[in-house]
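The values are calculated or read from the model by the stated rules, or taken from the named source; none is laboratory data. Being a predicted model, the structure only gives us computed values, none of them experimental. A quick note on method: Cβ atoms are made from the backbone with ideal geometry, for glycine too, and the neighbour counts reach across all protein chains shown.
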(Lines give C-alpha, C1' and ligand atoms only; values in the text may rest on other atoms or scores of the structure.)
Protein backbone atom coordinates (compact mmCIF):
# COMPACT_ATOMS: atom_id res chain seq x y z
CA UNK A 1 0.00 0.00 0.00
CA UNK A 2 2.76 2.39 0.85
CA UNK A 3 4.50 1.64 -2.44
CA UNK A 4 1.33 2.28 -4.41
CA UNK A 5 0.79 5.51 -2.57
CA UNK A 6 4.30 6.73 -3.43
CA UNK A 7 3.83 5.90 -7.10
CA UNK A 8 0.51 7.72 -7.15
CA UNK A 9 2.00 10.83 -5.65
CA UNK A 10 4.75 10.89 -8.30
CA UNK A 11 2.15 10.61 -11.03
CA UNK A 12 0.29 13.62 -9.61
CA UNK A 13 3.41 15.74 -9.72
CA UNK A 14 4.05 14.93 -13.37
CA UNK A 15 0.51 15.97 -14.27
CA UNK A 16 0.49 19.19 -12.23
CA UNK A 17 -1.00 22.39 -13.75
CA UNK A 18 2.50 23.79 -14.25
CA UNK A 19 2.76 21.86 -17.50
CA UNK A 20 -0.66 22.78 -18.88
CA UNK A 21 -0.99 24.85 -22.04
CA UNK A 22 -4.26 26.68 -21.45
CA UNK A 23 -3.86 29.67 -23.75
CA UNK A 24 -4.10 29.80 -27.52
CA UNK A 25 -1.83 32.30 -29.27
CA UNK A 26 -2.34 33.35 -32.90
CA UNK A 27 -0.05 35.57 -34.96
CA UNK A 28 -1.01 36.39 -38.57
CA UNK A 29 1.35 38.57 -40.59
CA UNK A 30 -0.12 40.67 -43.42
CA UNK A 31 2.94 42.14 -45.11
CA UNK A 32 2.72 44.49 -48.10
CA UNK A 33 5.18 42.55 -50.25
CA UNK A 34 3.31 42.86 -53.52
CA UNK A 35 1.48 46.12 -54.10
CA UNK A 36 0.08 45.02 -57.46
CA UNK A 37 -2.29 42.69 -55.58
CA UNK A 38 -3.73 45.52 -53.48
CA UNK A 39 -7.34 46.40 -54.23
CA UNK A 40 -9.16 49.52 -53.12
CA UNK A 41 -12.82 50.43 -53.03
CA UNK A 42 -13.84 54.10 -52.78
CA UNK A 43 -17.29 55.35 -51.78
CA UNK A 44 -17.64 59.13 -51.97
CA UNK A 45 -21.40 59.35 -51.46
CA UNK A 46 -22.83 61.70 -48.82
CA UNK A 47 -19.47 62.64 -47.30
CA UNK A 48 -18.00 66.05 -46.60
CA UNK A 49 -14.79 67.01 -48.38
CA UNK A 50 -12.62 67.13 -45.23
CA UNK A 51 -13.62 63.59 -44.23
CA UNK A 52 -13.01 62.28 -47.74
CA UNK A 53 -9.54 63.82 -47.92
CA UNK A 54 -8.59 62.65 -44.44
CA UNK A 55 -9.72 59.03 -44.90
CA UNK A 56 -8.24 58.72 -48.38
CA UNK A 57 -4.91 59.94 -47.03
CA UNK A 58 -4.73 57.38 -44.21
CA UNK A 59 -5.96 54.63 -46.56
CA UNK A 60 -3.12 55.46 -48.95
CA UNK A 61 -0.63 55.14 -46.09
CA UNK A 62 -2.01 51.76 -45.06
CA UNK A 63 -1.85 50.37 -48.60
CA UNK A 64 1.89 49.84 -48.18
CA UNK A 65 1.92 49.16 -44.43
CA UNK A 66 2.91 45.90 -42.74
CA UNK A 67 0.25 44.62 -40.33
CA UNK A 68 0.88 41.93 -37.75
CA UNK A 69 -2.20 40.62 -35.95
CA UNK A 70 -1.82 39.07 -32.49
CA UNK A 71 -4.42 37.37 -30.30
CA UNK A 72 -4.13 35.40 -27.07
CA UNK A 73 -7.20 33.72 -25.61
CA UNK A 74 -7.99 31.27 -22.85
CA UNK A 75 -8.93 27.96 -24.50
CA UNK A 76 -11.85 27.58 -22.10
CA UNK A 77 -13.49 30.75 -23.48
CA UNK A 78 -17.00 30.14 -24.81
CA UNK A 79 -18.24 31.83 -27.95
CA UNK A 80 -19.96 35.19 -27.46
CA UNK A 81 -21.82 35.07 -30.77
CA UNK A 82 -23.12 32.35 -33.09
CA UNK A 83 -25.44 32.41 -36.07
CA UNK A 84 -26.01 28.67 -35.46
CA UNK A 85 -24.95 27.95 -39.04
CA UNK A 86 -21.33 28.68 -39.79
CA UNK A 87 -20.02 31.62 -37.76
CA UNK A 88 -18.87 32.02 -34.17
CA UNK A 89 -16.98 34.80 -32.40
CA UNK A 90 -14.85 34.71 -29.26
CA UNK A 91 -13.89 37.65 -27.06
CA UNK A 92 -10.24 37.97 -26.04
CA UNK A 93 -9.39 39.67 -22.77
CA UNK A 94 -8.55 43.37 -22.76
CA UNK A 95 -5.20 44.17 -24.42
CA UNK A 96 -4.75 40.57 -25.60
CA UNK A 97 -5.86 41.23 -29.18
CA UNK A 98 -3.93 43.89 -31.08
CA UNK A 99 -2.31 44.80 -34.37
CA UNK A 100 1.18 46.20 -34.92
CA UNK A 101 1.46 48.61 -37.87
CA UNK A 102 4.92 49.22 -39.29
CA UNK A 103 6.61 50.50 -42.42
CA UNK A 104 4.64 53.76 -42.69
CA UNK A 105 6.94 56.13 -40.83
CA UNK A 106 3.96 58.14 -39.54
CA UNK A 107 1.47 55.87 -37.73
CA UNK A 108 3.65 52.89 -36.82
CA UNK A 109 2.73 51.35 -33.49
CA UNK A 110 0.75 48.81 -31.50
CA UNK A 111 -3.04 49.31 -31.48
CA UNK A 112 -5.56 47.43 -29.36
CA UNK A 113 -8.27 45.64 -31.34
CA UNK A 114 -11.83 45.79 -30.07
CA UNK A 115 -14.82 43.99 -31.56
CA UNK A 116 -18.15 43.93 -29.74
CA UNK A 117 -18.90 40.24 -30.34
CA UNK A 118 -15.31 39.09 -30.26
CA UNK A 119 -11.93 39.52 -31.92
CA UNK A 120 -11.50 35.84 -32.89
CA UNK A 121 -13.78 34.86 -35.77
CA UNK A 122 -14.43 31.20 -36.59
CA UNK A 123 -16.10 30.30 -39.86
CA UNK A 124 -16.81 26.65 -40.71
CA UNK A 125 -19.15 24.49 -42.75
CA UNK A 126 -19.12 21.06 -44.40
CA UNK A 127 -15.46 19.92 -44.48
CA UNK A 128 -13.65 23.22 -44.04
CA UNK A 129 -12.94 25.72 -41.30
CA UNK A 130 -11.26 29.12 -41.07
CA UNK A 131 -10.19 31.51 -38.33
CA UNK A 132 -9.17 35.18 -38.42
CA UNK A 133 -8.58 38.15 -36.13
CA UNK A 134 -10.64 41.30 -36.47
CA UNK A 135 -11.62 44.45 -34.67
CA UNK A 136 -11.60 48.22 -34.55
CA UNK A 137 -8.63 50.43 -33.72
CA UNK A 138 -8.21 54.15 -33.14
CA UNK A 139 -5.23 55.85 -34.80
CA UNK A 140 -4.26 59.45 -33.99
CA UNK A 141 -3.24 61.12 -37.24
CA UNK A 142 -2.99 64.79 -38.22
CA UNK A 143 -4.98 66.02 -35.25
CA UNK A 144 -7.85 63.54 -35.63
CA UNK A 145 -8.57 60.17 -34.08
CA UNK A 146 -9.18 57.82 -37.02
CA UNK A 147 -11.40 54.79 -36.48
CA UNK A 148 -10.35 51.83 -38.65
CA UNK A 149 -11.99 48.42 -39.02
CA UNK A 150 -9.44 45.69 -39.63
CA UNK A 151 -9.72 42.03 -40.54
CA UNK A 152 -6.69 39.78 -40.83
CA UNK A 153 -6.15 37.22 -43.59
CA UNK A 154 -7.66 33.83 -42.73
CA UNK A 155 -6.08 30.55 -41.71
CA UNK A 156 -7.81 27.44 -43.05
CA UNK A 157 -8.15 23.81 -42.02
CA UNK A 158 -9.70 20.90 -43.93
CA UNK A 159 -12.33 19.94 -41.37
CA UNK A 160 -15.53 21.24 -39.83
CA UNK A 161 -14.63 22.98 -36.56
CA UNK A 162 -17.92 24.78 -35.95
CA UNK A 163 -18.84 22.72 -32.90
CA UNK A 164 -15.33 22.23 -31.56
CA UNK A 165 -14.27 24.12 -28.41
CA UNK A 166 -11.04 26.06 -28.68
CA UNK A 167 -9.09 23.51 -26.63
CA UNK A 168 -9.95 20.83 -29.20
CA UNK A 169 -8.65 22.69 -32.26
CA UNK A 170 -5.94 20.91 -34.22
CA UNK A 171 -3.62 23.91 -34.33
CA UNK A 172 -1.05 22.13 -36.46
CA UNK A 173 -3.56 21.63 -39.31
CA UNK A 174 -3.99 25.32 -40.27
CA UNK A 175 -2.48 26.90 -43.39
CA UNK A 176 -2.89 30.34 -45.07
CA UNK A 177 -6.20 30.68 -46.90
CA UNK A 178 -5.43 32.24 -50.28
CA UNK A 179 -8.60 31.86 -52.37
CA UNK A 180 -10.67 34.89 -51.34
CA UNK A 181 -11.82 36.80 -48.23
CA UNK A 182 -8.40 38.43 -47.94
CA UNK A 183 -7.30 40.78 -45.17
CA UNK A 184 -9.00 44.15 -45.27
CA UNK A 185 -8.81 47.65 -43.83
CA UNK A 186 -11.89 49.91 -43.87
CA UNK A 187 -11.91 53.55 -42.82
CA UNK A 188 -14.38 54.65 -40.17
CA UNK A 189 -16.88 56.31 -42.50
CA UNK A 190 -16.53 53.56 -45.09
CA UNK A 191 -15.03 55.89 -47.67
CA UNK A 192 -12.10 53.61 -48.44
CA UNK A 193 -11.52 49.85 -48.17
CA UNK A 194 -8.10 48.31 -48.80
CA UNK A 195 -7.73 44.59 -49.53
CA UNK A 196 -4.52 42.62 -50.03
CA UNK A 197 -3.90 39.05 -51.13
CA UNK A 198 -2.58 36.46 -48.68
CA UNK A 199 0.08 34.11 -49.97
CA UNK A 200 0.73 30.46 -49.27
CA UNK A 201 4.16 31.35 -47.84
CA UNK A 202 2.83 34.17 -45.66
CA UNK A 203 3.98 34.03 -42.07
CA UNK A 204 1.64 32.87 -39.31
CA UNK A 205 1.98 31.05 -36.02
CA UNK A 206 -0.46 29.19 -33.78
CA UNK A 207 0.92 28.03 -30.45
CA UNK A 208 -0.24 27.01 -26.98
CA UNK A 209 1.15 28.66 -23.85
CA UNK A 210 0.79 28.25 -20.10
CA UNK A 211 -0.29 31.89 -19.65
CA UNK A 212 -1.39 34.86 -21.69
CA UNK A 213 1.62 36.88 -20.56
CA UNK A 214 4.03 34.18 -21.66
CA UNK A 215 2.43 34.25 -25.09
CA UNK A 216 2.60 38.04 -25.32
CA UNK A 217 6.24 38.05 -24.20
CA UNK A 218 7.08 35.67 -27.04
CA UNK A 219 6.04 38.19 -29.70
CA UNK A 220 9.25 40.25 -29.37
CA UNK A 221 7.70 43.51 -30.54
CA UNK A 222 10.05 46.48 -30.97
CA UNK A 223 9.83 48.64 -27.83
CA UNK A 224 9.50 51.80 -29.96
CA UNK A 225 6.19 50.45 -31.33
CA UNK A 226 4.67 49.77 -27.91
CA UNK A 227 2.16 52.13 -26.30
CA UNK A 228 2.71 51.81 -22.56
CA UNK A 229 0.29 54.55 -21.48
CA UNK A 230 -2.48 53.58 -23.91
CA UNK A 231 -2.93 57.04 -25.41
CA UNK A 232 -2.73 55.78 -29.00
CA UNK A 233 0.80 57.07 -29.58
CA UNK A 234 3.62 54.54 -29.79
CA UNK A 235 6.79 55.28 -27.82
CA UNK A 236 8.55 56.76 -30.84
CA UNK A 237 5.71 59.29 -31.30
CA UNK A 238 5.21 60.05 -27.60
CA UNK A 239 7.17 62.56 -25.52
CA UNK A 240 6.22 60.62 -22.36
CA UNK A 241 4.96 57.06 -22.88
CA UNK A 242 4.13 56.73 -19.18
CA UNK A 243 1.71 59.67 -19.14
CA UNK A 244 -1.39 59.45 -21.38
CA UNK A 245 -1.96 63.22 -21.13
CA UNK A 246 1.38 63.97 -22.81
CA UNK A 247 1.56 63.16 -26.49
CA UNK A 248 3.50 64.43 -29.45
CA UNK A 249 2.64 64.19 -33.12
CA UNK A 250 6.27 63.94 -34.18
CA UNK A 251 6.16 66.37 -37.08
CA UNK A 252 2.71 65.27 -38.15
CA UNK A 253 0.79 68.55 -38.35
CA UNK A 254 -2.85 69.40 -38.28
CA UNK A 255 -3.97 72.09 -40.70
CA UNK A 256 -4.49 74.44 -37.77
CA UNK A 257 -1.05 73.87 -36.25
CA UNK A 258 0.59 74.13 -39.68
CA UNK A 259 -1.11 77.49 -40.35
CA UNK A 260 -0.12 78.71 -36.89
CA UNK A 261 3.50 77.76 -37.49
CA UNK A 262 3.46 79.39 -40.93
CA UNK A 263 2.09 82.62 -39.40
CA UNK A 264 4.84 82.52 -36.76
CA UNK A 265 7.53 82.02 -39.39
CA UNK A 266 6.09 84.84 -41.51
CA UNK A 267 6.22 87.14 -38.47
CA UNK A 268 9.84 86.18 -37.83
CA UNK A 269 10.62 86.83 -41.48
CA UNK A 270 9.02 90.31 -41.32
CA UNK A 271 11.05 91.17 -38.21
CA UNK A 272 14.27 90.06 -39.87
CA UNK A 273 13.48 92.11 -42.99
CA UNK A 274 12.73 95.19 -40.87
CA UNK A 275 15.98 94.71 -38.98
CA UNK A 276 17.87 94.37 -42.24
CA UNK A 277 16.26 97.47 -43.76
CA UNK A 278 17.10 99.50 -40.63
CA UNK A 279 20.80 98.93 -41.18
CA UNK A 280 22.81 101.58 -43.16
CA UNK A 281 22.86 101.13 -46.91
CA UNK A 282 26.13 101.18 -48.82
CA UNK A 283 25.41 104.76 -49.89
CA UNK A 284 24.83 105.82 -46.29
CA UNK A 285 27.97 104.02 -45.21
CA UNK A 286 30.05 105.69 -47.92
CA UNK A 287 28.73 109.12 -46.85
CA UNK A 288 29.65 108.44 -43.22
CA UNK A 289 33.15 107.39 -44.27
CA UNK A 290 33.54 110.51 -46.42
CA UNK A 291 32.40 112.72 -43.56
CA UNK A 292 34.84 111.02 -41.24
CA UNK A 293 37.70 111.44 -43.66
CA UNK A 294 36.89 115.15 -44.14
CA UNK A 295 37.38 115.91 -40.47
CA UNK A 296 40.70 117.11 -39.09
CA UNK A 297 43.03 114.59 -37.61
CA UNK A 298 44.68 115.08 -34.24
CA UNK A 299 47.93 116.04 -36.00
CA UNK A 300 46.09 118.66 -38.05
CA UNK A 301 44.57 120.50 -35.07
CA UNK A 302 47.47 120.24 -32.61
CA UNK A 303 48.57 123.90 -33.29
CA UNK A 304 45.12 125.48 -32.88
CA UNK A 305 44.85 127.92 -30.01
CA UNK A 306 41.94 128.99 -27.84
CA UNK A 307 40.29 132.16 -29.15
CA UNK A 308 41.13 131.47 -32.79
CA UNK A 309 38.86 133.15 -35.34
CA UNK A 310 37.35 131.79 -38.50
CA UNK A 311 38.07 133.73 -41.73
CA UNK A 312 35.67 133.46 -44.65
CA UNK A 313 37.11 132.61 -48.05
CA UNK A 314 35.62 134.65 -50.89
CA UNK A 315 36.60 134.41 -54.54
CA UNK A 316 39.66 132.39 -53.67
CA UNK A 317 41.02 134.95 -51.18
CA UNK A 318 41.06 135.15 -47.42
CA UNK A 319 41.43 138.62 -45.82
CA UNK A 320 43.27 138.52 -42.51
CA UNK A 321 42.72 141.58 -40.25
CA UNK A 322 44.84 142.09 -37.15
CA UNK A 323 44.58 144.78 -34.51
CA UNK A 324 47.70 146.04 -32.74
CA UNK A 325 47.08 147.23 -29.15
CA UNK A 326 49.38 149.39 -27.03
CA UNK A 327 49.70 150.09 -23.31
CA UNK A 328 51.84 152.25 -20.96
CA UNK A 329 51.40 150.11 -17.90
CA UNK A 330 50.47 146.66 -19.27
CA UNK A 331 47.08 147.09 -17.59
CA UNK A 332 45.15 149.33 -19.90
CA UNK A 333 45.31 148.56 -23.60
CA UNK A 334 44.18 150.71 -26.48
CA UNK A 335 44.00 150.11 -30.22
CA UNK A 336 47.10 151.32 -31.88
CA UNK A 337 46.25 150.34 -35.46
CA UNK A 338 44.94 147.68 -37.80
CA UNK A 339 46.84 145.63 -40.34
CA UNK A 340 45.18 143.64 -43.11
CA UNK A 341 46.61 141.10 -45.49
CA UNK A 342 45.02 139.01 -48.25
CA UNK A 343 46.01 135.37 -48.65
CA UNK A 344 45.29 133.35 -51.77
CA UNK A 345 43.51 129.99 -51.37
CA UNK A 346 44.12 127.30 -53.97
CA UNK A 347 41.11 125.96 -55.94
CA UNK A 348 39.49 122.98 -54.22
CA UNK A 349 40.57 124.06 -50.74
CA UNK A 350 37.42 124.43 -48.65
CA UNK A 351 39.25 125.72 -45.57
CA UNK A 352 42.66 126.86 -44.46
CA UNK A 353 44.19 127.91 -41.17
CA UNK A 354 46.40 130.90 -40.46
CA UNK A 355 48.27 132.12 -37.40
CA UNK A 356 50.26 135.19 -36.59
CA UNK A 357 53.84 134.79 -35.47
CA UNK A 358 56.33 137.48 -34.38
CA UNK A 359 59.69 137.40 -36.03
CA UNK A 360 62.63 136.82 -33.73
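Given the conditions (1) touching a helix residue (DSSP H, G or I) at 6+ places or on another chain (Cβ under 8 Å); (2) within 17 Å of residue 218 (Cβ to Cβ), and given that residue 95 satisfies all but one, which numbered condition is not satisfied?
That leaves (1) as the condition not met.
Kindly indicate whether any position in the stretch 52-59 is within 22 Å of residue 209 (Cβ to Cβ) and surrounded by 18 or more Cβ atoms within 10 Å (Cβ to Cβ).
For the stretch 52-59, residues within 22 Å of residue 209 (Cβ to Cβ) and surrounded by 18 or more Cβ atoms within 10 Å (Cβ to Cβ): absent.
Just to be sure I understand, how many residues within the stretch 72-92 are out of contact with any helix residue (DSSP H, G or I) (no Cβ under 6 Å at 6 or more places or on another chain) and not in a loop (DSSP other than H, G, I, E, B)?
Matching residues across the stretch 72-92 total 8.
May I ask you to say which residue of 45, 64 is over 29 Å from residue 21 (Cβ atoms), surrounded by fewer than 19 Cβ atoms within 10 Å (Cβ to Cβ) and more than 29 Å from the chain's Cα centre (by Cα)?
Step by step, each of 45, 64 is checked, and only 45 is over 29 Å from residue 21 (Cβ atoms), surrounded by fewer than 19 Cβ atoms within 10 Å (Cβ to Cβ) and more than 29 Å from the chain's Cα centre (by Cα).
What is the number of the single condition among (1) surrounded by fewer than 19 Cβ atoms within 10 Å (Cβ to Cβ); (2) over 17 Å from residue 29 (Cα atoms) that residue 220 does not meet?
For residue 220, the exception is condition (2).
The conditions are (1) surrounded by 16 or more Cβ atoms within 10 Å (Cβ to Cβ); (2) under 41 Å from the mean Cα position of the chain (by Cα), and residue 86 fails exactly one of them. Which is it?
Against the list (1) surrounded by 16 or more Cβ atoms within 10 Å (Cβ to Cβ); (2) under 41 Å from the mean Cα position of the chain (by Cα), residue 86 comes up short only on (2).
Within the set of pairs 6+ apart or on separate chains, which have a first residue in the stretch 329-342 that is surrounded by 10 or more Cβ atoms within 10 Å (Cβ to Cβ), a second that is in a loop (DSSP other than H, G, I, E, B) and modelled with pLDDT of 80 or more, and C-beta atoms under 6 Å apart?
So the pair list comes out as 333/327.
Residue by residue, here is whether (1) at pLDDT 90 or above; (2) part of a strand (DSSP E or B) holds:
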{"residue": "179", "(1), (2)": "no, no"}
{"residue": "186", "(1), (2)": "yes, yes"}
{"residue": "193", "(1), (2)": "yes, yes"}
{"residue": "213", "(1), (2)": "yes, no"}
{"residue": "220", "(1), (2)": "no, no"}
{"residue": "224", "(1), (2)": "no, no"}
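Inspect the stretch 145-156 for any residue being surrounded by 15 or more Cβ atoms within 10 Å (Cβ to Cβ) and more than 23 Å from residue 82 (Cα to Cα) and give the result as yes or no.
Taking every residue of the stretch 145-156 in turn, at least one turns out to be surrounded by 15 or more Cβ atoms within 10 Å (Cβ to Cβ) and more than 23 Å from residue 82 (Cα to Cα).
Yes or no: residue 67 part of a helix (DSSP H, G or I), within 18 Å of residue 234 (Cβ to Cβ) and in contact with a strand residue (DSSP E or B) (Cβ under 6 Å, 6 or more places away or on another chain)?
For residue 67, the condition - part of a helix (DSSP H, G or I), within 18 Å of residue 234 (Cβ to Cβ) and in contact with a strand residue (DSSP E or B) (Cβ under 6 Å, 6 or more places away or on another chain) - is not met.
Given (1) within 30 Å of the chain's Cα centre (by Cα); (2) surrounded by 21 or more Cβ atoms within 10 Å (Cβ to Cβ); (3) in contact (Cβ under 8 Å) with a residue 60 or more places away in the chain; (4) farther than 22 Å from residue 39 by Cα, identify the lone condition not met by residue 98.
For residue 98, the exception is condition (3).
Take the residues of the stretch 108-129 that are without any contact (Cβ under 8 Å) to a residue 60 or more places away in the chain and part of a loop (DSSP other than H, G, I, E, B): which is surrounded by the most Cβ atoms within 10 Å (Cβ to Cβ)?
Within the stretch 108-129, the match that is surrounded by the most Cβ atoms within 10 Å (Cβ to Cβ) is 119.
Considering only residues that are more than 25 Å from residue 79 (Cβ to Cβ), buried (at least 17 other Cβ atoms within 10 Å of the Cβ) and touching a helix residue (DSSP H, G or I) at 6+ places or on another chain (Cβ under 7 Å), which ones fall in the stretch 189-208?
Selection gives 191, 192, 194, 196, 197.
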